[in-house]
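Each value in this text was obtained by applying a stated rule to the coordinates, not by laboratory testing. Values in this document were obtained by computation on a predicted structure and should not be read as measured data. Here the Cβ positions follow ideal geometry from the backbone for every residue, glycine too, while neighbour counts run over all protein chains shown.
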Amino acid sequence: MTAETIAPSSHPIEVIQGDLSAYRRGNTGVDYVHRFASGKPGPHVLINALTHGNEICGMVAAKHLLDTGVRPLVGTLTVSFAHVEAYEAFDVERPYENRQIVHNLNRIWSDELLEGAEDSPELRRARALRPVVAAADHILDIHSTSQDVVPFWVYPDFARNADVAMAIGLPPVHLVMPNGLGSGTPLIQHGRHAGADAPGAAVVVECGQHFKRATADLATEVSLRFLAHFGLIAREATPATEPQRRFELLQTLMVKTKDFAFTRPLIGFETFAKGELIGTDGTEEIRSPCDDCTVFMPTREPIVGREAVYLTRPIAR
């Protein structure tokens with residue numbers, strides 16, 4: 001990729017990377033996982049943070065829940081810091097490089113990988129977290145983006161997920177996956193959460209650029225709305241004020257060669273006409289599969305074997 005086609009490489013770091021050692025000892029037998037049962041019937045909700053080490057907005061939201069003493073009125077609340085080992089590898093001079101250590105923790109939740117012989121920090125952590133994920137009825141997995149784009153939901157195309165995201169209303173953009181992610185198995189599709197008969201909603205919220213204060217604020221707000229939606233906390237509902245926009249995931253493209261390049265700088269939400277050239281990967285051309293093809297999460301630094309871009313199309317209202 002030439003210098004002219006590389007998107008901006010850094011953003012001001014507005015949120016302090018804090019010490020999480022005080023949160024290590026939870027009450028579930030799994031480090032950095034805290035569970036609170038109300039003693040009353042109700043759903044079990046998991047708020048999961050730090051699936052990627054540099055996506056620190058979830059850390060802020062999880063700390064807010066724990067530090068302010070949020071406790072469920074009904075059901076059970078679990079708060080998890082997923083990948084603290086990657087979080088602790090943060091280097092202010094290279095703030096994008098602690099996303100993962102070996103594997104992408106949000107692509108390895110298949111039984112094949114988790115029950116296989118391969119080893120890595122991410123596989124060890126996912127194996128430890130399996131019972132935590134399995135115990136939850138509803139999951140909010142908090143993420144952020146490398147580029148400064150509008151926040152959005154990501155979820156499999158089941159009504160249970162859409163209904164929750166639409167009811168919460170924030171953020172107002174939805175990336176819907178009719179056939180999965182196409183690059184591995186994410187946490188929200190692990191085990192009993194994968195199929196049509198899953199116990200409840202399991203969604204990702206991408207809250208904005210990794211290091212912005214507004215991103216952390218949104219992560220906290222969405223977490224509180226998620227808990228309120230299921231009755232775990234008492235909070236007046238906030239109606240959606242913006243039109244909801246939904247996009248269908250068509251393809252997840254991977255970087256195949258070191259010569260991957262977009263035809264122009266992309267940060268996300270750019271659109272292409274059918275057949276228009278989006279980029280090249282060695283000798284392979286990447287062309288838009290439809291009119292109004294909208295790109296999500298184009299890579300800011302192509303790495304062979306990692307995701308290059310999501311190609312989507314708007315879903316008609």
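Filtering the range 77-100 to residues that are aromatic (Phe, Trp, Tyr) and in contact with a helix residue (DSSP H, G or I) (Cβ under 8 Å, 6 or more places away or on another chain) leaves PHE81, TYR87. Could you list, ordered by first residue, the pairs with Cβ atoms under 6 Å in which the first is in the range 35-46 and over 13 Å from ALA202 (Cα atoms) and the second is among the β-branched types (Val, Ile, Thr), at least 6 apart or interchain? As it stands, the answer is ARG35/THR28; ARG35/THR78; ALA37/THR76; SER38/VAL74; LYS40/VAL74; GLY42/VAL74, since those pairs meet every condition given. The set of residues in the range 267-302 that are over 26 Å from PRO95 (Cα atoms) and either assigned to a loop (DSSP other than H, G, I, E, B) or in contact (Cβ under 8 Å) with a residue 60 or more places away in the chain (or both) comprises ALA273, LYS274, GLY275, GLU276, GLY282, THR283, SER288, PRO289, CYS290, ASP291, ASP292.
Within the range 188-195, does at least one residue satisfy the condition of being part of a loop (DSSP other than H, G, I, E, B) and either of a type in the set (Phe, Trp, Tyr) or touching a strand residue (DSSP E or B) at 6+ places or on another chain (Cβ under 9 Å) (or both)?
Looking only at the range 188-195, we keep the residues that are part of a loop (DSSP other than H, G, I, E, B), and these are 190, 194-195.
Filter once more, so that each one left must be either of a type in the set (Phe, Trp, Tyr) or touching a strand residue (DSSP E or B) at 6+ places or on another chain (Cβ under 9 Å) (or both): 190, 194.
Yes, the range 188-195 has at least one match.
Considering the range 29-53, the residues that are farther than 17 Å from VAL70 by Cβ and either of a type in the set (S, T, N, Q) or touching a Gly at 6+ places or on another chain (Cβ under 6 Å) (or both) include one that is surrounded by the most Cβ atoms within 10 Å (Cβ to Cβ), namely THR51. Among strands (runs of 3 or more DSSP E) entirely within the range 69-186, having at least 2 residues that are within 25 Å of GLY29 (Cβ to Cβ) singles out 76-81, 138-145.
I'm checking my understanding of the structure. Among residues of the range 124-145 that are of a type outside the set (Gly, Ala, Ser) and out of contact with any strand residue (DSSP E or B) (no Cβ under 6 Å at 6 or more places or on another chain), which one is farthest from ARG35 (Cα to Cα)? Let's see the steps before the verdict.
Of the residues in the range 124-145, the ones of a type outside the set (Gly, Ala, Ser) are 124-125, 127, 129-133, 137-143, 145.
Of the ones still in play, those that are also out of contact with any strand residue (DSSP E or B) (no Cβ under 6 Å at 6 or more places or on another chain) are 124-125, 127, 129-131, 133.
Values: ARG124: 21, ARG125: 18, ARG127: 18, LEU129: 13, ARG130: 15, PRO131: 13, VAL133: 12 Å.
Across the range 124-145, the extreme among qualifying residues is ARG124.
Applying the selection to the range 289-317, what residues are of a type in the set (Ser, Thr, Tyr) and at positive phi? None; the set is empty.
Suppose we filter VAL164, VAL149, VAL173, VAL102 for residues that are within 23 Å of MET297 (Cβ to Cβ) and surrounded by fewer than 16 Cβ atoms within 10 Å (Cβ to Cβ); which single one remains? Please lay out each step first, then the result.
Working: VAL164 fails: surrounded by fewer than 16 Cβ atoms within 10 Å (Cβ to Cβ); VAL149 fails: surrounded by fewer than 16 Cβ atoms within 10 Å (Cβ to Cβ); VAL173 fails: surrounded by fewer than 16 Cβ atoms within 10 Å (Cβ to Cβ).
It is VAL102.
Within the range 54-88, being of a type in the set (A, V, I, L, M) and either surrounded by fewer than 21 Cβ atoms within 10 Å (Cβ to Cβ) or closer than 21 Å to ASP148 by Cβ (or both) holds for ILE56, MET59, VAL60, ALA61, LEU66, VAL70, LEU73, VAL74, VAL84.
Could you check the range 210-239 and list, in sequence order, the residues that are in contact with a Leu (Cβ under 9 Å, 6 or more places away or on another chain), exposed (fewer than 14 other Cβ atoms within 10 Å of the Cβ) and either of a type in the set (Gly, Ala, Ser) or assigned to a helix (DSSP H, G or I) (or both)? Passing the criteria: only ALA234. Screening LYS63 with (1) under 23 Å from ILE303 (Cβ atoms); (2) within 18 Å of the chain's Cα centre (by Cα); (3) among the basic types (Lys, Arg) gives one miss only, at (1). Screening ASP91 on (1) of a type in the set (D, E, K, R); (2) surrounded by fewer than 19 Cβ atoms within 10 Å (Cβ to Cβ); (3) under 20 Å from the mean Cα position of the chain (by Cα) shows it passes everything except condition (3).
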